[in-house]
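Enquirer: What follows is a single structure, and I will ask about it in a moment.
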Amino acid sequence: MTQSDAPDPLTGHACIQSYLRTLDASPGVYRMLDAQSRVLYVGKARNLRARVSNYARPSGHSPRIARMIRETASMMFLTTRTETEALLLEQNLIKQLKPRYNVLLRDDKSFPNILVTAHDFPMIKKHRGAKREKGQYFGPFASAGAVNRTLNQFQRAFQLRNCTDTQFETRTRPCLQYQIKRCTAPCVGKISKADYAAQVADAQRYLSGKSTEIQEKLATEMQAASDAMEFERAAALRDRIRALTQVQTAQGINPRSVSEADVIALHMENGQACVQVFFIRANQNWGNRDFYPRVGADVDAAEVLEAFIGQFYDTKEPPRQLILSHGIENADLMQEALTGKLGRKVEIVVPQRGEKAELVDGALRNAREALARHMAETATQTKLLAGLAEAFALDAPPQRIEVYDNSHIQGTNAVGAMIVAGPDGFMKNQYRKFNIKGDDLVAGDDFGMMKEVLTRRFKRLLKEDPDRDKGLWPDLLLIDGGAGQVSAVAQIMEEHGVQDIPMVGVAKGVDRDAGKEEFHRAGQRPFALRHNDPVLYFVQRLRDEAHRFAIGTHRAKRAKAVGATPLDEVPGVGATRKRALLAHFGSAKAVSRANLADLKAVEGISDSLAETIYAFFHDRG
């Protein structure tokens, strides 16, 4: 049940006090809002009345909470059946609303896994995102780099294929991977199904933590091959053992007593925090990641860690054990919530001695060192933003810079790209790509492309954040181009009524050399910065990052277009049936020329679908 009173002229303690008469002892979630109805804070409570009465006290609050109370002009409440439900709802709302006074996890990307596919001859590959594809998943790994390094060595150790099913089904001779001994070429029968299955089983056992068993097995086989004077086979097995040893070396510490856990350590300093997460799976270290949640100067470690855990596992599967550097206030509640999410028991521990404590010490050391680096980089970034404000005559250092670029080849596969930077550097989770849709654009019309990109961007901003209070609006726009681009963009901005956002065009300048850039602002003469000015290097980095992102997006779109066939447009033909048709006929062109009887003969193609395909290619025009 949601409760929300009409706007109350009272604020602060008096406002909060006015809600007590309508509250009971139910568990639930509360929201504190300011005079503009912006959410200041989201919290949970076992007893809503008791929790809110604490805020109604006139004293005894930390500076952060006291400031929040003074700004509170109204409250909203949502009751739940249990406190666990309240905890889960609280973390959902925090991630959605991003309240100013909550601890907030700002970087919440998914993590990659290794997937061994469900196939007669399975492939091994990196996978990120929802686990919809059939097969066995191993992970998570801390980064794409950690997965790539592991896969690179696995190709040498187990020689499993990494080609797509379509490539596998259409090959007629071994590829380069076979020549360099990274695949056993099951596509052309160079290995039996049983022998390949044995290699797959070895890889799966290794990823499941039986690394010692696999290495002992390979060592025994190598000795047997050597005794039988099969020296080529013995050398191949030796190389596989070396590859597995390199995987273990790259993993660093591999704990004996911890089979599945996330080690989570927090270090706080000068009002900033770093949370270091080590992923331990199958007694192996699968990498670590650092996070920098938004915290206040007077927030304690227990609150930061509890908020981090709740938000981090909101969209991720928790392991069986969380090993923490600090205790959290509601450990039993968090365990219950994560256990319900995983469907099996999740344990939260704060070790004091033994191997687990050593793991925490290592994670704490990493967190401390990472935060020191981050604070140094942030200080440098702060100076650069201040210099940027001075160079471009801005009212204040920008907190959100948006940089735009286009990429195309003679107008084909055109894309627009937007990158974002701020006090913490590049904000990659805010990057956006725009597939240019304008049918009336002339090939290579950069002005028209930029108009479409900015029109779509600001229409969305006006819809999603009309009051500009969610931190989504830029303080500065950087456009790749000179006076003409700036003039065109200024006109676009005027059409949308957003003329108050500073905008600067970055042109290559004389001889189009880096270092000779000219900067353009609407209605002003172009100007340049000293060739050794750090602000100039900063702008170059921003422009180069936008260009890199635009080029990468364009290449991905072009590659997808190259792989497209007319079969993609046939109703009822998905990826599996498309592969079957291509494997049977060899090309989409041959499918288009096939007669109805031949189409019906393809495995997996029903008579009705064959008629649909035949009609698609023969009844058009």
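Enquirer: Which percentage, to the nearest 5, of the DSSP beta bridges contained in region 260-372 is antiparallel?
Expert: So the antiparallel bridges amount to about 75 percent of the total.
Enquirer: Per 0.36 nm of contour for each residue apart, how much would the distance between ASP598 and SER259 grow if the chain were fully extended, relative to their Cα-Cα spacing?
Expert: 116.6 nm
Enquirer: Further, regarding this structure: With +1 on the Cβ of every Lys and Arg and -1 on the Cβ of every Asp and Glu, and nothing else charged, how large is the dipole of region 113-251 about its Cα centre, in debye rounded to the nearest 20? Show your work: numbers first, answer last.
Expert: Details: 22 positive and 13 negative charges, 118 e Å.
Taking the Cα centre of region 113-251 as origin, the dipole is about 560 debye.
Enquirer: Let me ask something else about it. Expected output is a single nm value to one decimal: the length gained when fully extending between ALA25 and ALA130, i.e. 0.36 nm times separation in residues minus the C-alpha distance. What is it?
Expert: Details: separation 105, 0.36 × 105 = 37.80 nm, distance 3.91 nm.
Extending this stretch completely gives an extra 33.9 nm.
Enquirer: What ranking do GLU464, GLU329 get, fewest neighbouring Cβ atoms within 10 angstrom at the top?
Expert: If I rank by nearby Cβ atoms, fewest first, I get GLU464, GLU329.
Enquirer: Nearest 500 deg cm²/dmol is fine: what mean residue ellipticity at 222 nm does the chain get from its DSSP H runs of n ≥ 4 alone, each adding -39,500 (n - 2.57), divided by its residue count?
Expert: For the chain, the value works out to -14500 deg cm²/dmol.
Enquirer: Below 21 Å, Cα to Cα, which lysines can LYS341 reach? Residues fewer than 8 away in the same chain don't count.
Expert: List returned: LYS44, LYS95, LYS109, LYS131, LYS316.
Enquirer: Now, a different point. What's the exposure ranking of PHE617, PHE158, going from fewest to most Cβ atoms within 10 Å?
Expert: PHE617, PHE158
Enquirer: Would you give the gap between the C-alpha center of region 298-339 and the C-alpha center of region 258-296, rounded to a whole Å?
Expert: Taking the Cα centre of region 258-296 as reference, the centre of region 298-339 is 12 Å away.
Enquirer: About its Cα centre, what dipole magnitude does the chain give when the only charges are +1 on Lys and Arg Cβ and -1 on Asp and Glu Cβ, stated in debye to the nearest 20?
Expert: 1100 debye
Enquirer: If I model a spin label at ASP332 and ASP568 as a point 7 Å from the Cα along the Cα→Cβ vector, what separation in nanometres do I get?
Expert: In this crude spin-label approximation the distance works out to 5.6 nm.
Enquirer: Right, something else. Please list, in order, the residues from region 127-155 whose amide nitrogen is less than 20 Å from a point placed 7 Å along the Cα→Cβ vector of ASN162.
Expert: Those under the cut-off are 127-129, 135-155.
Enquirer: Let me ask something else about it. Using +1 at the Cβ of each Lys and Arg and -1 at the Cβ of each Asp and Glu in region 2-97, identify which of SER37, THR80, ILE94 lies farthest towards the dipole's positive end.
Expert: After comparing all options, I get ILE94.
Enquirer: List the pairs from LYS383/LYS516; LYS428/LYS557; LYS459/LYS578 whose alpha-carbon separation is above 30 Å, in the order I gave them.
Expert: LYS459/LYS578
Enquirer: Okay, next question. With both bridge residues required to lie in the chain, what share of the DSSP beta bridges run antiparallel, to the nearest 5%?
Expert: Around 80 percent of the beta bridges assigned by DSSP in the chain are antiparallel ones.
Enquirer: Label point 7 Å out from ASP467 along Cα-to-Cβ: which residues of region 99-120 have amide N under 15 Å?
Expert: 99-101
Enquirer: Between ARG173 and ALA376, how high is the FRET efficiency from 1/(1 + (r/R0)^6) when r is the Cβ-Cβ distance and R₀ = 41 Å? Nearest 0.05.
Expert: Once rounded, the FRET efficiency stands at 0.15.
Enquirer: Can you work out the FRET efficiency for the pair LYS345 and SER608, with r the C-beta to C-beta distance and R0 = 41 Å, to the nearest 0.05?
Expert: The pair LYS345/SER608 has a calculated efficiency of 0.25.
Enquirer: Continuing with the same structure: Cut-off under 26 Å on the C-alpha distance; same-chain residues fewer than 8 positions from LYS181 excluded. Which lysines are left, in chain and number order?
Expert: Counting by Cα, and skipping residues close in sequence, LYS181 has these lysines nearby: LYS125, LYS126, LYS190, LYS193, LYS210, LYS217.
Enquirer: So, one more: Put +1 on the Cβ of every Lys and Arg and -1 on every Asp and Glu Cβ in the chain; which of ILE264, ALA236, ILE124 then has its Cα farthest towards the positive end of the dipole?
Expert: ALA236
Enquirer: Which of the three applies to region 42-136, rounded, prolate or oblate, going by the alpha-carbon gyration tensor with a ≥ b ≥ c and a/c under 1.5 meaning rounded? Working shown, then result.
Expert: Numbers: a/c = 4.71, a/b = 2.79, b/c = 1.69.
Note, shape of region 42-136 comes out prolate.
Enquirer: Here is a follow-up. If you put +1 on each Lys and Arg Cβ and -1 on each Asp and Glu Cβ, how big is the dipole of region 53-198 around its Cα centre, in Debye rounded to 20?
Expert: 500 debye
Enquirer: Mind checking which of GLY572, LEU582, PHE549 is farthest towards the positive end of the chain's charge dipole, using Cβ charges of +1 (Lys, Arg) and -1 (Asp, Glu) about the Cα centre?
Expert: Positive-most Cα among the choices belongs to LEU582.
Enquirer: Let me ask something else about it. Would you mind ranking MET493, MET75, MET229 so that the residue whose beta carbon has the fewest other beta carbons within 10 Å leads the list?
Expert: Going from least to most buried by this count: MET229, MET493, MET75.
Enquirer: Could you calculate the FRET efficiency of ARG49 with ALA297 from 1/(1 + (r/R0)^6), where r is the beta carbon distance between them and R0 is 35 Å, rounded to 0.05?
Expert: 0.75
Enquirer: Right, here's the next one. Once you have the Cα-Cα distance between ARG320 and SER37, take 0.36 nm times their residue separation minus that, and quote the gain in nm to one decimal. Don't skip to the end; give the middle numbers.
Expert: Working: separation 283, 0.36 × 283 = 101.88 nm, distance 4.03 nm.
Here the segment from ARG320 to SER37 would lengthen by 97.8 nm.
Throughout, read-outs are computed from the coordinates displayed, never taken from laboratory work. Just so it is clear, the model here is predicted, and its values are computed rather than measured. Note: ideal-geometry Cβ built from the backbone for every residue, glycine included; neighbour counts use all protein chains shown.
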